[in-house]
Structure formats: C-alpha cells, structure tokens
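**Q** Dropping a structure here in structure tokens format, bear with me for questions.
All of the numbers you see were taken from the coordinates with simple rules; none came from a lab. These numbers come from a predicted model, not from an experiment.
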Amino acid sequence: QGLKPVVSTESPASIFGTTSKLASDLPTTDSFLSKNKVPDLQKIFQKADGLPVHLKRGVPDKLLYRTTMALTIGGTIYCLVALYMASQPRNQ
C-alpha cells in the first residue's frame, strides 16, 4: 500500500466565480456629479499673496500646521529627554 496524498485532489470552490452587481443595477444618484471645484481652488492656490501653498485656505490650514509643528517639536524634545535619561547610569 502506498501513502495517501496529504493534499486533496479535488479542486477548491472558485472564489471569484460569484456574480457581482451590474452597473445598471446600481442606484442612479448624481451625488458625485456636483459642480467642478477645481477652477475655484486654482484661483485660491495661484493667487500671488505671499503665503505658502499649505496655508492658503485660511484658519483650518493654520490650525493643522501649528498642531503638526507643536507635535513635532514636542516629540523631538521628548526623544531628547528620553535619550538623556537612558544615557545616565542607574543609582543602586
């Protein structure tokens, strides 16, 4: 008698053989077909007002920028303090 095969010789069920919805079956909503905002944004971002691009849209951009900078500086200080504490010998 020979050894029985470890792997099944039957082919597994097809994963991608299931049917999917057709484009005609999807609901007809035009929510993604709203007004094109690109020309308006181009006017904002191409204005020569001396501001960098990442601050052109006002208060939300300034808030995000300042939060990012505060977290970056805070994280750098935290890492330096942790490195300093790790470099000191322990007192016994």
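**Q** What are the ³J(HN,Hα) values, in whole Hz, obtained from phi via the Karplus relation 6.51 cos²θ - 1.76 cosθ + 1.60 with θ = phi - 60°, for each residue of the range 58-71 in sequence order, with x given for Gly and Pro?
**A** x, 4, x, 5, 5, 5, 4, 5, 5, 5, 4, 5, 5, 5
**Q** Would you grab the residues whose amide H sits under 5 Å from the one on Leu51? Only those 5+ places off in sequence or on another chain, please, with H modelled 1.01 Å from N.
**A** none
**Q** Next question. Stokes-Einstein D for the range 32-92 at 4 °C, 1.567 mPa s, Kirkwood Rh over Cα pairs, in µm²/s?
**A** On the way: Rh = 15.5 Å.
My calculation gives 84 µm²/s for D.
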